[in-house]
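Encoded as structure tokens, the structure appears first; notes follow it.
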Amino acid sequence: MTTHSTTSSPGGQGDFDWELGSWHTSVTVLADPLSDSEERWLEFEGTSIVRPLLEGRANVVELRVSGPDGQIDGLNLRLYEPEHQRWSATFASLRDGMLTPSVFGRFRDGVGEFHGEDQLAGRPIRVRFVIERDGDDRARFTQAFSDDDGATWETNWVATDTRADTRTGS
């Protein structure tokens, strides 16, 4: 797959340029987050393809992973907000056709941190999503939930991506 990089801007618009292209992804998902049940992690393998939109002011991530416990197909739409110099990210699951509430954040020192609010089993929770690059060709994505207003966090999603195409990172 051939990809191109958009011009990075001081405000953060180019923060995701390094991620454009195709990736192999290994995903582990906590089966029952924020529950008293025994921790059980589900494992998935597949691809993540990141495409630029609107001259780098947006991008879309197409996720397709499968494992013994099923399949996850979804899209993550990320939009840059120049006024706030931050990104929003909204996940759409193809399983139920629903959009999750957006998380908002930015990159600092190469680490992206995004926060938002959602509901889990009818109760309000906070969501934290962290993106950490490991060179040009590896990245780690973690999601955690908090049901105590951010005092403690439980990680429930870990994805490790390795570049699958020949594009070199920026």
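The values are calculated or read from the model by the stated rules, or taken from the named source; none is laboratory data. Because the structure is a prediction, the values reported are computed rather than measured. Note that we place each Cβ from the backbone using ideal geometry, even for glycine, and neighbour counts take in every protein chain shown.
Pull up the stretch 86-118, narrow it to residues that are modelled with pLDDT under 95 and polar (S, T, N, Q), then point me to the one that is farthest from D15 (Cα to Cα).
Top of the filtered list is S93.
If you check S26, S48, which single one turns out to be assigned to a strand (DSSP E or B), among the small types (G, A, S), at pLDDT 95 or above and surrounded by fewer than 18 Cβ atoms within 10 Å (Cβ to Cβ)?
Values: S48 fails: surrounded by fewer than 18 Cβ atoms within 10 Å (Cβ to Cβ).
None of the other options fit; the residue is S26.
Name the residues in the stretch 139-154 that are under 15 Å from D118 (Cα atoms) and either touching a Ser or Thr at 6+ places or on another chain (Cβ under 8 Å) or surrounded by 16 or more Cβ atoms within 10 Å (Cβ to Cβ) (or both), would you? Break it down into steps so the answer makes sense when it comes.
So the first thing to find is which residues in the stretch 139-154 are under 15 Å from D118 (Cα atoms), and the list is 143-150, 153-154.
Passing the criteria: Q143, A144, F145, S146, D147, W153, E154.
For the stretch 117-138, give me the residue count where each residue is surrounded by 15 or more Cβ atoms within 10 Å (Cβ to Cβ), within 13 Å of the chain's Cα centre (by Cα) and free of Cβ contacts under 8 Å to residues at least 60 places away in the same chain.
5
Within the bounds of the stretch 151-158, is there any residue that is modelled with pLDDT of 95 or more, more than 13 Å from the chain's Cα centre (by Cα), closer than 28 Å to R51 by Cα and β-branched (V, I, T)?
Kept after step one, since they are modelled with pLDDT of 95 or more, are these residues of the stretch 151-158: 151-158.
If we keep only those that are more than 13 Å from the chain's Cα centre (by Cα) too, we end up with 151-155.
Now restrict to residues that are closer than 28 Å to R51 by Cα: 155.
After this cut, where a residue has to be β-branched (V, I, T) as well, the list is 155.
Yes; the residues of the stretch 151-158 include at least one that is modelled with pLDDT of 95 or more, more than 13 Å from the chain's Cα centre (by Cα), closer than 28 Å to R51 by Cα and β-branched (V, I, T).
Conditions: (1) closer than 23 Å to F145 by Cα; (2) surrounded by fewer than 16 Cβ atoms within 10 Å (Cβ to Cβ). L53 meets all but one. Number of the miss?
Of the numbered conditions (1) closer than 23 Å to F145 by Cα; (2) surrounded by fewer than 16 Cβ atoms within 10 Å (Cβ to Cβ), the odd one out for L53 is (1).
Out of the residues in the stretch 64-115 that are under 19 Å from L20 (Cβ atoms) and of a type in the set (K, R), state the one that is surrounded by the fewest Cβ atoms within 10 Å (Cβ to Cβ).
R64
Check F141, F107, F114 and return the single one that is over 22 Å from E45 (Cα atoms), among the aromatic types (F, W, Y) and without any contact (Cβ under 8 Å) to a residue 40 or more places away in the chain.
Details: F141 fails: over 22 Å from E45 (Cα atoms); F107 fails: without any contact (Cβ under 8 Å) to a residue 40 or more places away in the chain.
It is F114.
Residues that are among the hydroxyl-bearing types (S, T, Y) and on the phi < 0 side of the Ramachandran plot: list the strands (runs of 3 or more DSSP E) wholly contained in the stretch 78-170 that include at least 1 such residues. Walk me through how you get there before you give the answer.
Working: elements: 86-93, 103-108, 111-120, 123-133, 138-146, 154-163.
Those strands (runs of 3 or more DSSP E) span 86-93, 138-146, 154-163.
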